């Protein structure tokens, strides 16, 4: 279904831009692509589709790309490969570091390999006798594995290497944590210590294999004759972009967090606990959540009186009446459920945050720009939230000219334990500036 707003041009989004593969909004294909496969970031979308869009728009003169939710760097990498400028904004401090390491793929591959193997040999020689570790770590790893991981960690803290090598080694160690744990630590899911998995890799073996895989990717790509333009990634809040010049971008490709109660902060609790950045779950609010789009009820647990200010925000005026209606329904519905989750607060805060994002992007993009948001709708407690329509309206009210929604696939069709049967979909929100 397409929504026509303010006399939207019928040829604004050409048919040849559509990709027949309805799962191009998912990350799955990326796990077979060089560099992209280095880290399994399930919140991403198809690099192949992103590349096709970048190439097509490059022919139209759109060569300055912004991704306000850069994640692990899919759009930035494909921009580099196509020789166009790009700037990514990523608020999550850990995912920012993941993306930054991947974007260093053009670092001399032999120097990388020597640095990684030298690091690994020093770690193998380190004797670790410590037996007490944070509860989460002890729940996820046997002591023998923990001590090998600790040897790698202590070596990283002590060794003096070029910063690029240090960043790569941090990345490798961080990326192998879950594959070396015998419990349920599937990438980007909550930790499940009571579940076990059959395939577990020794930390030293996992480190060497990861380094070798990265080396081969780097060598292969560096051997190609490409006009690479280095991208820029910034650890910043997309709601208030300060580091991109006014009117700089003419193409935005991104996927914001969905309003589906997924806690991106908690998703990195294992890694942050391992590195000592947090001591427990409560620390996530200060270290991560405060910088993220409020798409989870955990993010709004202390919203308090701020909700009145949000609901009266002038930036939400274009969707105000519909938002209030859904807000009140959710506020009443939550009382019928044991968890009494604050979905009403989350939905209000979510669209307030995205309104700020659109205003921030309006400042940093040029007239005639094109934006594509990969998004999914939502139905907390079975109450439908028309995310694509509301985001389109917010974009127009922020100063963009028009929007159109292109459905890609249905969601909420496979899960046997789903809490409601409201049809959901995923697709691309196209916005013209």
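The values are calculated or read from the model by the stated rules, or taken from the named source; none is laboratory data. Owing to the predicted nature of the structure, the values given are computational and were not obtained by experimental measurement. A quick note on method: Cβ atoms are made from the backbone with ideal geometry, for glycine too, and the neighbour counts reach across all protein chains shown.
Could you check residue 73 against (1) within 18 Å of residue 268 (Cβ to Cβ); (2) surrounded by fewer than 17 Cβ atoms within 10 Å (Cβ to Cβ); (3) in contact with a strand residue (DSSP E or B) (Cβ under 9 Å, 6 or more places away or on another chain) and say which number it fails?
Condition (2) is where residue 73 drops out.
If you take the residues in the stretch 195-222 that are touching a helix residue (DSSP H, G or I) at 6+ places or on another chain (Cβ under 9 Å) and not in a helix (DSSP H, G or I), which one is nearest to residue 126 (Cα to Cα)?
202
Among (1) part of a loop (DSSP other than H, G, I, E, B); (2) exposed (fewer than 14 other Cβ atoms within 10 Å of the Cβ), which single condition is residue 256 missing?
(2)
Among what's in the stretch 374-400 and is under 19 Å from the mean Cα position of the chain (by Cα) and under 22 Å from residue 314 (Cβ atoms), pick the residue that is surrounded by the most Cβ atoms within 10 Å (Cβ to Cβ).
387
Scan 284, 311, 316, 323 and give me the residue that is without any contact (Cβ under 8 Å) to a residue 60 or more places away in the chain and over 22 Å from the mean Cα position of the chain (by Cα).
None of the others qualify; the one that does is 311.
Going by the conditions given, is residue 290 out of contact with any strand residue (DSSP E or B) (no Cβ under 8 Å at 6 or more places or on another chain), assigned by TED's automatic domain parsing to the domain that holds residue 66 and buried (at least 17 other Cβ atoms within 10 Å of the Cβ)?
no
Limited to the stretch 259-275, what total is found for residues that are in a helix (DSSP H, G or I) and more than 14 Å from the chain's Cα centre (by Cα)?
Going through the stretch 259-275, the residues in a helix (DSSP H, G or I) turn out to be 266-274.
Now narrow it down to the ones that are more than 14 Å from the chain's Cα centre (by Cα): 269-274.
Summing the residues that are in a helix (DSSP H, G or I) and more than 14 Å from the chain's Cα centre (by Cα) in the stretch 259-275 gives 6.
Quick grid of which residues meet (1) part of a strand (DSSP E or B); (2) over 18 Å from the mean Cα position of the chain (by Cα); (3) at pLDDT 90 or above:
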| residue | (1), (2), (3) |
| --- | --- |
| 9 | no, yes, no |
| 16 | no, yes, no |
| 19 | no, yes, no |
| 22 | no, yes, no |
| 29 | no, no, no |
| 41 | no, no, no |
| 50 | no, no, yes |
| 62 | no, yes, yes |
| 69 | no, no, yes |
